[in-house]
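Undergrad: Before I ask anything, let me first share the structure, which is written out below as C-alpha cells.
The values are calculated or read from the model by the stated rules, or taken from the named source; none is laboratory data. This is a predicted model, so every value here is computed, not measured. Methodologically, a virtual Cβ is constructed for each residue, glycine included, from the backbone with ideal geometry; neighbour enumeration extends over all protein chains shown. Accessible surface areas use protein heavy atoms only, side chains included; no ligands, DNA or RNA. Shrake-Rupley method; radii C 1.70, N 1.55, O 1.52, S 1.80 Å.
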Amino acid sequence: MKKKVFASIMAAALAVSMLAGCGSSSQTTEDTGSAASETAATDTADTSEAADTTADASDSSDDGLITVGFAQVGHESDWRTASTNSVQSALSEENGIDLQFVDCDNDSAAQLEAVRNFISQDVDYIVIDPIVSTGWDTVLTEAEDAGIPVIVIDRTIDDSDKYVSWVGSEFTNEGLAAGAWLKAYAEAKGIDELNILEITGTTGSSAEIGRTTGFHKYVEDNGWNLIDSQTGDFTQEGGQSVMESYCKSYDGQFNVVICQNDNEAFGAIDAMKAAGVSYGVGGDVILISFDACKAGLTDVLAGQINADFQCNPLQGPDCLNIIKTLEAGGEVEKQTFMAEPWYVAEDTLPNISYTNNAGEDVTEDLIVVDQAVVDGAY
Ligand code: GZL
C-alpha cells in the first residue's frame with residue numbers, strides 16, 4: 001500500500017477517534033451461541049468529513065490479491081485453533097487475499113521477527129495476535145514508516161497505538177463476570193468459605209492480565225482466600241502439572257479451582273481425577289474456566305465444569321471487513337469488542353449483576369448448557 005494511502009488512513013483514524021472521543025469502539029454482533037458463525041458485522045465508523053479518505057487501491061500482488069501477513073500466537077489451545085481457522089477461512093484467495101501465515105509458537109522474539117519479515121516483504125497489511133501486550137512500539141513504528149497498516153486481533157497491544165484497528169475481548173470483564181458468578185453461586189449454595197486455587201494463562205498476555213485483574217477484584221472485595229496462583233501457559237499440560245502440584249501441596253484445603261482457559265481446565269480435571277478429588281456439580285471443588293470452546297462446553301454439559309466464560313475467537317470476518325473497508329477508502333473503528341455469553345452447568349442463577357470495566361452496572365444472562373449449545377459451539 002502506498003505511503004499516501006496509509007497516511008490518509010491514519011489521518012482518518014485519528015480524525016474519527018478525535019470526533020468520537022478516544023477509544024471509540026463498537027461491538028461485533030457475531031453470534032457464536034449458535035452454529036459457529038463467520039458472518040460478523042463489524043461496525044465501521046461513518047466516513048468522516050474531516051479527513052481525506054480518498055485512497056488508491058493498494059499495490060497488491062501481481063495476481064491482483066491483497067497480501068496480508070498474519071503473525072499468530074501459536075497453537076497452544078482449542079481456542080487458538082478456532083482463531084487460526086477463522087482467519088484463514090476469511091482471508092482466503094476467493095476473498096481476494098494472499099495470506100502469509102506464521103505460527104509464532106508462543107515465542108515473542110519469533111513473533112517480532114515474523115512482523116519484520118512481513119515489512120521487508122512489503123505486504124499490504126499485517127495482522128497480529130500479540131503473545132504479550134508490551135514491546136511493540138518499535139516494530140509498529142517500522143511498519144508505519146513502511147506504509148503498512150497493522151490490524152490487531154484478540155489480545156491487546158498496550159504500549160503503542162500505531163495500528164489501525166483492534167478486534168477482541170474485554171478480558172477484565174471476563175474476570176469480573178467469573179467473580180460475580182462465584183459470589184452469587186456460593187451464596188445460593190450456602191457456601192460460606194471460598195478457598196481458591198488459580199491457574200493463570202500466559203504471563204503478560206492481555207488475556208491473563210485482564211482475567212486476573214477482574215477476578216482478583218472479587219477476591220479482595222470479598223476477602224476470599226486465594227491459596228495459590230501459578231501459570232499454566234494456556235496449555236493442557238500446564239494445567240495438569242500445576243494441578244498435580246496443588247493436589248499434593250493443598251490436599252483437602254481448597255474448594256474452588258479457576259483456570260484461565262479450557263485446556264488448562266482439561267489438565268486440572270485429569271490431575272484431580274488421578275488424586276481422587278471430586279469437582280464440578282455435586283463435587284467438593286467448584287471448577288471455573290474461560291473460552292467456552294466445544295470441548296469445554298461438553299464438560300460443562302457433563303457437570304465437570306461449573307461455569308465457562310466465553311472468549312470469542314472468530315475474528316476472521318472482522319479482519320476481512322476491516323481490510324475491505326480500508327481498501328474502499330473508508331474508516332474503521334479503532335476498537336471493536338466481540339459479543340460473548342457466559343455458560344453454566346446448572347440453572348441455579350438466571351443471571352449475574354456486576355460493575356463492568358467501563359464502570360457500568362450490568363446484568364447479564366447465564367446460559368445453561370444443553371446439547372444444542374455444544375453443537376453450536378466453535
Ligand atoms: C484469549 C486468547 C487466549 C485464550 C486461550 O483471547 O488469547 O489464548 O483464552 C488462548 O485459550 O491460548
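Undergrad: Would you check if there is a residue in the range 86-98 being within 25 Å of the chain's Cα centre (by Cα), at pLDDT 70 or above and within 16 Å of the ligand (Cβ to nearest atom)?
TA: We begin by selecting, within the range 86-98, every residue within 25 Å of the chain's Cα centre (by Cα); these are 86-92, 95, 97-98.
Narrowing further to those that are at pLDDT 70 or above: 86-92, 95, 97-98.
Keeping just the survivors that are within 16 Å of the ligand (Cβ to nearest atom) gives 86-87.
There is at least one residue in the range 86-98 that is within 25 Å of the chain's Cα centre (by Cα), at pLDDT 70 or above and within 16 Å of the ligand (Cβ to nearest atom).
Undergrad: Mind checking whether some residue in the range 357-372 is surrounded by fewer than 21 Cβ atoms within 10 Å (Cβ to Cβ) and in a helix (DSSP H, G or I)?
TA: Yes, because at least one residue in the range 357-372 is surrounded by fewer than 21 Cβ atoms within 10 Å (Cβ to Cβ) and in a helix (DSSP H, G or I).
Undergrad: For the structure I just gave you, tell me whether Ser83 is closer than 24 Å to Glu113 by Cβ, modelled with pLDDT of 95 or more, near the ligand (Cβ under 10 Å from one of its atoms) and in contact with a helix residue (DSSP H, G or I) (Cβ under 7 Å, 6 or more places away or on another chain). Give the steps one after another, and end with the answer.
TA: Values: closer than 24 Å to Glu113 by Cβ: yes; modelled with pLDDT of 95 or more: yes; near the ligand (Cβ under 10 Å from one of its atoms): yes; in contact with a helix residue (DSSP H, G or I) (Cβ under 7 Å, 6 or more places away or on another chain): no.
Taking the combined requirement at face value, the residue does not satisfy it.
Undergrad: While we're on this one: Is the range 201-216 home to any residue that is closer than 19 Å to Ile305 by Cβ, open to solvent by less than 30 Å² (accessible area, probe 1.4 Å) and touching a Leu at 6+ places or on another chain (Cβ under 6 Å)?
TA: yes
Undergrad: Out of all the residues in the range 218-272, which are hydrophobic (A, V, I, L, M, F, W, C) and farther than 17 Å from Ile305 by Cβ? I'd like the intermediate steps shown before the answer.
TA: Initially, the range 218-272 is screened for residues hydrophobic (A, V, I, L, M, F, W, C), giving 219, 224, 226-227, 234, 242-243, 247, 254, 256-259, 265-266, 268-269, 271-272.
Passing the criteria: Val219, Trp224, Leu226, Ile227, Cys247.
Undergrad: While we're here: Looking at Ala109, Ala71 in this structure, which one is of a type in the set (A, V, I, L, M, F, W, C), open to solvent by less than 10 Å² (accessible area, probe 1.4 Å) and out of contact with any Leu (no Cβ under 7 Å at 6 or more places or on another chain)?
TA: Ala71
Undergrad: Can you pull out every residue in the range 295-311 that is within 13 Å of the ligand (Cβ to nearest atom) and surrounded by fewer than 24 Cβ atoms within 10 Å (Cβ to Cβ)? Walk me through it before giving the result.
TA: Initially, the range 295-311 is screened for residues within 13 Å of the ligand (Cβ to nearest atom), giving 295-296, 308-311.
The one that is within 13 Å of the ligand (Cβ to nearest atom) and surrounded by fewer than 24 Cβ atoms within 10 Å (Cβ to Cβ): Ala295.
Undergrad: Check off (1) touching a Ser or Thr at 6+ places or on another chain (Cβ under 6 Å); (2) in contact (Cβ under 8 Å) with a residue 40 or more places away in the chain; (3) β-branched (Val, Ile, Thr) for Thr363 and give me the number that stays unchecked.
TA: Going through (1) touching a Ser or Thr at 6+ places or on another chain (Cβ under 6 Å); (2) in contact (Cβ under 8 Å) with a residue 40 or more places away in the chain; (3) β-branched (Val, Ile, Thr) one by one, Thr363 breaks only (2).
Undergrad: Go through the range 297-320 and give me each residue that's part of a helix (DSSP H, G or I), closer than 16 Å to Thr348 by Cα and either of a type in the set (Asp, Glu) or out of contact with any strand residue (DSSP E or B) (no Cβ under 8 Å at 6 or more places or on another chain) (or both). Don't jump to the end; show me each part of the working.
TA: If we filter the range 297-320 for residues that are part of a helix (DSSP H, G or I), which is where we start, we get 297-301, 316-320.
Those left that are additionally closer than 16 Å to Thr348 by Cα: 300-301.
Scanning the range 297-320 gives a single hit, Leu301.
Undergrad: Scan the range 217-253 for residues that are more than 16 Å from the ligand (Cβ to nearest atom), surrounded by fewer than 21 Cβ atoms within 10 Å (Cβ to Cβ) and of a type outside the set (Phe, Trp, Tyr) and report the count.
TA: Within the range 217-253, residues that are more than 16 Å from the ligand (Cβ to nearest atom), surrounded by fewer than 21 Cβ atoms within 10 Å (Cβ to Cβ) and of a type outside the set (Phe, Trp, Tyr) number 21.
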